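The values are calculated or read from the model by the stated rules, or taken from the named source; none is laboratory data. Just so we're clear, the structure is a prediction, and the values are computed from it rather than from any experiment. Here the Cβ positions follow ideal geometry from the backbone for every residue, glycine too, while neighbour counts run over all protein chains shown. These accessible areas exclude ligands, DNA and RNA; they are computed on the full protein's heavy atoms, side chains included. Shrake-Rupley method; radii C 1.70, N 1.55, O 1.52, S 1.80 Å.
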Amino acid sequence: MLDVRTLNAQDLRGLSAESLVAAAEQMLQRIGAQSKQLDERDAHIKAQDRAIRFKDAKIEKIAFELARLKAWRFGAKTEAMNAEQRQMFEDTLAEDEADLQAQLNALQDVADQADKPQVKRKPRRQALPEHLRRIEHHHEPENTTCPTPDCGQAMVRMGEDVSERLDIIPAEFFVHRHIRGKWVCKCCQQLVQEPVEPQIIDKGVPTAGLIAHTLVAHFVDHLPYYRLEQINARSGVHTPRSTLASWSGSGGASLAPLYEAHRTFVLSAPVLHADETPVRMLDPGAGKTARAYVWAYARGEHDSTPGVIYDFCTGRGSKYPADFLAEWTGTLSCDDYAGYDVVFKREGCIEAGCLAHARRKFDELAKANASPVAAQAIQRIALIYRVESQVREMTVEARLAHRQQYARPLWDELHAWMKLERTRVPDGGGIAAALDYSLKRWGALGRFLGDGAVSVDNNHIENLMRPWGLGRKAWLFAGSELAGKRAAMVMSLVQSAKLHGHDPWVYLKDVLERLLAHPNNRIDELLPHRWEPVA
């Protein structure tokens, strides 16, 4: 058979007609096969080109999304979101950023990355806490003899690499068995046995640690009882929500003396912050919920010994702060709510306004581009807050002197500017209302310039009200007035404990264990600001 690949022009002249036809047919078949291969190769190249363009487009899209997420996270913060919303938003951003980064790393060409010089980066994650229990896993080669041919010498250990990974064991329920031996005298029939230690729930199952866990889960982590029941059930322990509520009720009742002592401590401060927030309370007789209020009172923001106390009330009338602060005198920082006016009518009670409230009225107008005067007001107020950022760690005397030197001129200039602008703007407008609010309360707003212990605004207590906002969304309403007061007692103690850096569970567990046998005349030792864990 002819091989057309080896034929040249001279060979073709000596071939017969039949051989030429066979050679031509063989050549045509070969050309057809090559053409088919070229078509398949072109199709494959086009498919690869489409895949590369798709991958490039996807990488570009993911890179853009990643850059936008970083811009949202690290860009300038505004007042468009409150702290809770921003925290939830940032948590979602962290999840999305990790997701997009993983996709981007998977799509990037490994070969291109291999050509680039590798730069060793320092790890960004923080070291794992030292107090955590360590379980060591040692990994050594099975054979420590040199693998080089014709060597076979024993190798010498020159060091080690250590890496740590974080793990968790879900909450473990365990049982304390108290075995009290009985001793009897056979001669006189006398029985001796160690007495039972007092418990929060007499003859009950839960220890102080479990009661503290239930209180923290409900009032700190804001878990409704039905969800806590489901969590406990995953560990094989059946705790009906009614039982959990009963434990919380007993634990809260035992904290009542400590709450009263804490109230005395908080109200001993010469400077207080006050605020109130609505909560829903179940009204079984009406078949619906009614509006109740939680009133909060905190020692001054610059107080060296912080503390907060909550008071659950069924209304928002002036009688509630009047009754709670009946024996207190000092400077009260609050907003412009008229319910506090009855307090300021008493001798020795002074009002301090909130500059943040005044600023918000201008901020709303500035964001709506409703008035250029509002933007100027915000800029002038920002200068005063810049001075305040410099005095947080100062003593009362040094803070007052610094304010007088740097904030007083700015304050007087702001006052003169506001009075001038008020004559220029028409009545009835939004900017007129904002200016009137500040000018009307000018004396109270400037109280911080005469007392170094007074804060420029009331944001301190507003931050301490946020746990109630979180809880309100989780458990929706208080079951009764008594339940609301019990929540106020527990929240007062655990939030104050957090202000002093205490773990709420550790604090409550220790307090509940010691309360029943602790002398009443020394109950102040268990208050959050004086409590020390037992060694």
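Of the residues ILE431, ILE461, which is among the β-branched types (Val, Ile, Thr) and in contact with a His (Cβ under 7 Å, 6 or more places away or on another chain)? The conditions single out ILE461. Taking residues in the range 355-378 that are touching a residue at least 40 places away in the same chain (Cβ under 8 Å), and partners anywhere that are crowded, with 22+ Cβ neighbours inside 10 Å and hydroxyl-bearing (Ser, Thr, Tyr), the pairs with Cβ atoms closer than 8 Å and at least 6 places apart or on different chains are ALA358/SER438; LYS361/SER438. When the range 493-510 is limited to residues that are out of contact with any Pro (no Cβ under 9 Å at 6 or more places or on another chain) and touching a residue at least 12 places away in the same chain (Cβ under 8 Å), the one that is surrounded by the fewest Cβ atoms within 10 Å (Cβ to Cβ) turns out to be TRP505. Condition test on LEU482, is it hydrophobic (A, V, I, L, M, F, W, C), within 22 Å of the chain's Cα centre (by Cα) and over 23 Å from THR207 (Cα atoms)? Criteria not met by LEU482.
Going through (1) touching a helix residue (DSSP H, G or I) at 6+ places or on another chain (Cβ under 6 Å); (2) closer than 26 Å to GLN495 by Cα one by one, ASN458 falls short only on (1).
Go over the candidates ASP412, ASP427, ASP436 one by one and state the one that is assigned to a helix (DSSP H, G or I) and more than 38 Å from the chain's Cα centre (by Cα). The match here is ASP412. In the range 402-413, the qualifying residues are those that are in contact (Cβ under 8 Å) with a residue 12 or more places away in the chain and under 14 Å from VAL387 (Cα atoms), and the one that is most open to solvent (accessible area, probe 1.4 Å) is TYR406. In the range 515-535, the residues that are without any contact (Cβ under 8 Å) to a residue 40 or more places away in the chain and loosely packed, with under 15 Cβ neighbours inside 10 Å reach residues that are of a type in the set (Phe, Trp, Tyr) and in a helix (DSSP H, G or I) with C-beta atoms within less than 9 angstrom, at least six apart or across chains, in these pairs: ARG530/PHE265; PRO533/TYR507. Sub-7 Å Cβ pairs linking a first residue in the range 132-159 that is polar (S, T, N, Q) to a second residue that is surrounded by 10 or more Cβ atoms within 10 Å (Cβ to Cβ), at least 6 apart or interchain, are THR144/MET155; THR145/MET155; GLN153/CYS146, ordered by first then second residue. Among the residues of the range 326-351, those identified as open to solvent by 50 Å² or more (accessible area, probe 1.4 Å) and either on the phi > 0 side of the Ramachandran plot or of a type in the set (Gly, Ala, Ser) (or both) are ALA326, ALA338. Of the helices (runs of 4 or more DSSP H) lying entirely inside the range 165-275, those containing at least 2 residues that are under 18 Å from LYS485 (Cα atoms), modelled with pLDDT under 90 and open to solvent by 40 Å² or more (accessible area, probe 1.4 Å) are 241-254. Assessment of the range 284-293 against the conditions (open to solvent by 20 Å² or more (accessible area, probe 1.4 Å) and under 27 Å from the mean Cα position of the chain (by Cα)) yields at least one matching residue. Among the residues of the range 16-73, those that are of a type in the set (S, T, N, Q), more than 60 Å from the chain's Cα centre (by Cα) and modelled with pLDDT of 70 or more comprise GLN26, GLN29, GLN34, SER35, GLN37.
Take the conditions (1) open to solvent by less than 20 Å² (accessible area, probe 1.4 Å); (2) closer than 29 Å to GLY443 by Cα; (3) more than 27 Å from the chain's Cα centre (by Cα); ALA322 misses just one of them, which is (1). Remark: pairs (first residue in the range 233-246, within 12 Å of THR214 (Cα to Cα); second residue open to solvent by 60 Å² or more (accessible area, probe 1.4 Å) and part of a helix (DSSP H, G or I); Cβ separation under 7 Å; 6+ apart in sequence or on different chains) = ARG241/TYR226.
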